[in-house]
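See below for the structure under consideration.
Each value in this text was obtained by applying a stated rule to the coordinates, not by laboratory testing. All figures in this text were calculated on a predicted structure; none of them were measured in a lab. No Cβ is skipped: glycine too gets one built from the backbone with ideal geometry, and neighbour counts run over all protein chains shown.
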Amino acid sequence: MSARFENYKIPLAAGSFILSLELLLLICCIYSRGDWFFPAGMAVLFGIALIVLPFLLPTLPLPETLSDKKASIYLITVVTLLLLLLLVCCIYMRGDWFPIAAVSVLFGLGLFILPVLLHQCLREFSMYNNKALLYLSAEHVFYIQPPAFAPVSDIAMGNHGDSALSPDRKMAENFGSPRLVRLMDLACPMAM
């Protein structure tokens, strides 16, 4: 092995193992004339990252700005792979449930992940003292978004009646505030 790769033995071994496993899945998929490679490949990649990445990150030489943020790198990578797995499965099943699932996952995991991310990533910024406010505002955004996505699935399923309106928009129409209804139409055009 070359001297320049001497520090990268463990990452190279892990990468070659993952690549050979993905190639094995591809060969099996082609041999069986299946179309399941992308969901299976993403599931294997997500599972391996979930287990191997905590042991792999300390061996990687990272830039100084990222060397003390390894927990944040791990969490962002795993959540991104989980969202990609959900997207691939949604496309494979020809579904329309990905936005609802993605926002639900982000909201659920945000309860545990956002404190770590805010603690590690905002140390250098002037907003660090207000991290509790940032955490609560981020959770509020995740909490508000699911009603905005619900009408998309209703409209896609053919429900164009009153059930396709979000509960917030129904409430605004019932109280007769045209200004609030217009504001909601601007904020979430899919909820119309």
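Return the distance in nm (one decimal) between the two label points of a simple spin-label model at T59 and S104, each offset 7 Å from Cα along Cα→Cβ.
3.7
Extending each Cα 7 Å along its Cβ direction at T77 and I27, get the distance between those two points in nm, one decimal.
With each label placed 7 Å out from Cα toward Cβ, I get 2.6 nm.
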